[in-house]
Amino acid sequence: MATKKFRCKVCGYVYEGDVPPVSCPACGAPSSEFEEITETESAPVPAKKKMDTNGNTYTILYASIMVVLVAVILAFTAQVLHSYQKANEDNDKRQQILRSINVNVKANEAEAKYKELVKEAYLVNADGQKVDGDAFEADVVKAETKGEYPVFVATVDGQTKYVMALQGKGLWGPIWGYISVNDDKNTVFGADFGNESETPGLGAEISKPDFSNEFKEKQLYKNGEFKSIAVVKKGKSAEGQDYVDGISGGTITSTAVNNMLKSCLTGYDKFLTLKNQ
């Protein structure tokens, strides 16, 4: 029984036997042109097993790959868009600060106008002293919990204005704002308020100029004592302090603005009464 196989290197003919033939039956090549075929070479290559596309394994694997792929795409997109989103957020903040000093500009003009008018930006503590930190980048809520408050010093028509940040809770979500005072650190020069989700036509009216303009020329101090500015129901007044009319139909939001002013500006009291800043 033949135990070996030999292949003709000339024509590829395979011969079975104990020794190669004297000559190739196919092409006549001498036995020297034959080479033994090893067992590895002659073994058939097993066919690749195909995955069952209807099975659970395939479904799970496919879903996993798609989830990873989508996550990578979303992460890449978020990274690419982050700088644009940050720029838009920064310009929105600049517009709010500028509106508090009665300057209205478009978003694409905000950065240049802000740099032109805002000469300093720093944080102060409850004692009115400057502390380390970036006033513009500071989260007002977190800063306040540490007893720190952003101050923006602007020059408008040659006059110094001090802008202070406000934050509070409205009826349905956060409210915020900026209020500026003249160089006497008492008389309001301008104000601007914002809201996240107050009711349109009611509480959301705090974001309109008709409301913020009421604060101009109001005073935070009476006889040297901090009083804030009251927000009262239309037709009412506040004894011993300056006040503005609240929003009709937006009583809760108006009260929230009143509380925000008193709470936040109290933190600036020492800063406002110091004469060396």
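Numbers for the structure displayed
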{"quantity": "First in segment 79-99 and over 16 Å from Gly177 (Cβ atoms), second anywhere and surrounded by fewer than 19 Cβ atoms within 10 Å (Cβ to Cβ), Cβ under 6 Å, 6 or more apart", "calculated": "Asn91/Ala107"}
{"quantity": "Test: residue in segment 252-275 that is assigned to a strand (DSSP E or B) and either assigned by TED's automatic domain parsing to the domain that holds Ala138 or at pLDDT 95 or above (or both)", "calculated": "no"}
{"quantity": "Residue, surrounded by the most Cβ atoms within 10 Å (Cβ to Cβ), within segment 79-97, restricted to residues that are within 20 Å of Leu117 (Cβ to Cβ) and among the aliphatic types (A, V, I, L, M)", "calculated": "Ile97"}
{"quantity": "Scan of segment 49-98 for residues that are of a type outside the set (A, V, I, L, M), more than 30 Å from Leu166 (Cα to Cα) and in a helix (DSSP H, G or I), ordered by number", "calculated": "Asn56, Thr57, Tyr58, Thr59, Tyr62, Ser64, Phe76, Thr77, Gln79"}
{"quantity": "Cβ-Cβ under 7 Å pairs, at least 6 apart or on other chains, segment 140-160 side over 13 Å from Val124 (Cβ atoms), far side buried (at least 19 other Cβ atoms within 10 Å of the Cβ) and among the charged types (D, E, K, R)", "calculated": "Ala154/Lys161"}
{"quantity": "Test: residue in segment 199-208 that is more than 27 Å from Ala135 (Cα to Cα) and part of a helix (DSSP H, G or I)", "calculated": "yes"}
{"quantity": "Residue check for Glu217: within 31 Å of the chain's Cα centre (by Cα), in a loop (DSSP other than H, G, I, E, B) and under 24 Å from Leu98 (Cα atoms)", "calculated": "no"}
{"quantity": "Glu120 among the charged types (D, E, K, R) and closer than 18 Å to Asp183 by Cα", "calculated": "yes"}
{"quantity": "Number of positions in segment 163-197 that are closer than 23 Å to Val124 by Cα and not in a strand (DSSP E or B)", "calculated": "5"}
{"quantity": "Residue check for Ile101: hydrophobic (A, V, I, L, M, F, W, C), within 30 Å of Lys216 (Cα to Cα), touching a strand residue (DSSP E or B) at 6+ places or on another chain (Cβ under 8 Å) and not in a loop (DSSP other than H, G, I, E, B)", "calculated": "no"}
{"quantity": "Those residues of segment 161-209 which are surrounded by fewer than 21 Cβ atoms within 10 Å (Cβ to Cβ) and polar (S, T, N, Q), in sequence order", "calculated": "Gln167, Asn182, Asn186, Thr187, Ser197, Thr199, Ser207"}
{"quantity": "Selection within segment 222-277 - over 22 Å from Val181 (Cβ atoms) and within 32 Å of the chain's Cα centre (by Cα)", "calculated": "Ile247, Gly250, Thr251, Ile252, Thr253, Thr255"}
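The values are calculated or read from the model by the stated rules, or taken from the named source; none is laboratory data. The model shown is predicted, which means the values in this text are computed figures rather than measured ones. Cβ: placed from backbone, ideal geometry, glycine included. Neighbour counts: every protein chain shown.
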